[in-house]
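Colleague: Here it is, the structure in full.
The values are calculated or read from the model by the stated rules, or taken from the named source; none is laboratory data. Computed from a prediction, not measured in an experiment: that's the story for all the values here. Note: accessible area is taken over every heavy atom of the protein model, side chains too, but ligands, DNA and RNA are not part of it. Shrake-Rupley method; radii C 1.70, N 1.55, O 1.52, S 1.80 Å.
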Amino acid sequence: MNNSTYPINRRRFLAGMGAVGAGAIASGSMLATLKSALASTMIGAGKDDVLLVIDVQNCFLPGGTLPVSDGDQIIPIINKLGQKFKNVVFTQDWHTPGHESFASSHDGKAPFDTVEMDYGTQVLWPDHCVQGTEDAKLAAGLDIPHAQLIVRKGYNSAVDSYSAFVAADGKTKTGLTGYMKERGLQNVYMCGLATDFCVNWSAQDGRKAGLNVAVIEDACRAIDLNGSLQAAWDAMKASGVKRMQSSEILSS
């Protein structure tokens, strides 16, 4: 991704250094102004940065109804990332009993089969993240008490919703785009489960909404169904999503 489409630290640092010169002349306190300018270059410190934590729920952890391999291993990384961000948003799969995306709702179908829905091809899943169940709760190990919002999705029984922004029909909005824009949250850093489904769709829809989006690879895990992981990374790259590691944020 080129610098015109994504605000990188260098740009923030140069802007901050401009403030250093002006601030030092005005106040005579170059050290204090320099510290302030350096702080403004840190990912997560900006008022327009947000950490979007996708579907880190019991159902997607080992022992859940739709476990993602090693899904629990990202929780400590996400907690560390959360300490770096002023703004944090969670999403939560929140399906009705008998949801149309469940294989159990279709005679003769098994999990991971597909069916054609009004909005296109739908992968059928084991029953998971059913509203009000222990399975649907956010993982107990998450420790980001200053998170400001939980966006629930998939509660329309006839339409699945991988994306944090738009349901699978491409029309039904969750309201997250409006929330981001009203709060001035332009730079979205995504992590969670699963890389090739809910993270992937959320990242692409975030770009369609005009947001700058980065996916933190080591703070995600994938299902990788029939090559879906590589296909997801290819699609995200094509849409302008930045691929990065947590170390790039934690060391800043």
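Colleague: Report the accessible area of residue 114, computed with a 1.4 Å probe over the heavy atoms of all protein chains in place, in Å² rounded to the nearest 10.
Modeller: 70
Colleague: Could you derive backbone 3J(HN,Hα) for segment 49-62 from the dihedral phi with the Karplus parameters 6.51, -1.76 and 1.60 (θ = phi - 60°), listing whole Hz in sequence and x where the residue is Gly or Pro?
Modeller: 9, 9, 8, 9, 9, 8, 6, 8, 10, 4, 5, 9, 9, x
Colleague: Arrange the residues 243, 183, 207 by how much accessible surface each exposes, largest first, with a 1.4 angstrom probe. Walk me through the intermediate numbers first.
Modeller: Details: 243 120, 183 95, 207 55 Å².
Highest to lowest solvent-accessible surface, that is 243, 183, 207.
Colleague: Taking Cα centroids, how far is segment 117-165 from segment 178-207 in Å?
Modeller: 14
Colleague: Can you send over the solvent-accessible area of residue 198, 1.4 Å probe, protein chains only, in Å² to the nearest 10?
Modeller: Near enough 10 Å² of accessible area.
Colleague: Show which lysines lie in cross-link reach of residue 171 when reach means a straight Cα distance below 30 angstrom and same-chain residues fewer than eight apart are skipped.
Modeller: Straight-line reach from residue 171, under 30 Å: 47, 109, 137, 153, 181, 208, 237, 242.
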